[in-house]
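What follows is a short report on a single structure.
The values are calculated or read from the model by the stated rules, or taken from the named source; none is laboratory data. All values reported here derive from a predicted model rather than from experimental measurement. All Cβ positions, glycine included, derive from the backbone under ideal geometry; neighbour counts span all protein chains shown. Areas reflect the complete protein model, heavy atoms only, side chains present, ligands, DNA and RNA absent. Shrake-Rupley method; radii C 1.70, N 1.55, O 1.52, S 1.80 Å.
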Amino acid sequence: GCPMRCLYCHNPDTWDPKGGSPMTAEEILDQYEQARPFYKKGGITVSGGEPLMQPEFLEALLRLAAEAGIRSYIETSGFANADVLARISPLTDCFLFDWKLTDPALHKTYIGVDNSLILHNLRYLAGQHKRIVLRCPIIPGVNDCTAHFEGIARLASSLDAIDHVELMAYHTMGESKKGQLGRADSFRAEIPEQEQKQQWLSQLRALGCDARLG
């Protein structure tokens, strides 16, 4: 499941905590081992929804992966209890950490909560010297503005643990899922052209930020 209700969510199917197919951590590692020759030096990325919503399972999976010498990454919104992060952070190699909006009020409007807990957790992980990739979804008309880009650059420069910033341009791949789920609500923005994405990169790099397109 996912505790957030981002208006532009591309995985609305994860909002249902009863969705998906139950699997044990052992079963997932068995699947990985069967395909390990194809992965070469690859590892496991735990995504969602929000993986930190299932801390017991996540902890078990990461422990098994570490014991087997498998690297692990976690994709997260950062919206989680501090005790969960304290349990999970020693077990993984890198956090792919979302930073959606700098302005707390806008964050609450588009995401459903303000960003205070998320910022606290980001700083906690940086204090634990965890490798972090700051992933920034950019939505035209919502956060493709100078104030947000300046906020991203300030944040990245203030935390040594942030390896780089990854810009993720808005797309509409979640719309078909909403239709399948019978959801009437919809969010629409312009799909950015490649030239626009390059302008975003240039703007962040001009602010001294190591930014890349995701």
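Worth a mention:
- Unmet requirement for TYR73, which otherwise passes all of (1) on the phi > 0 side of the Ramachandran plot; (2) open to solvent by 30 Å² or more (accessible area, probe 1.4 Å); (3) touching a strand residue (DSSP E or B) at 6+ places or on another chain (Cβ under 9 Å): (1)
- Enumeration of residues in the range 91-126 that are closer than 19 Å to TRP15 by Cβ and of a type in the set (Asp, Glu): ASP98
- All conditions but one from (1) outside any loop (DSSP other than H, G, I, E, B); (2) out of contact with any Lys or Arg (no Cβ under 6 Å at 6 or more places or on another chain) apply to GLY48; the one that does not is (1).
- Of the residues making up the range 98-111, just one is open to solvent by 50 Å² or more (accessible area, probe 1.4 Å) and part of a loop (DSSP other than H, G, I, E, B), namely ASP103.
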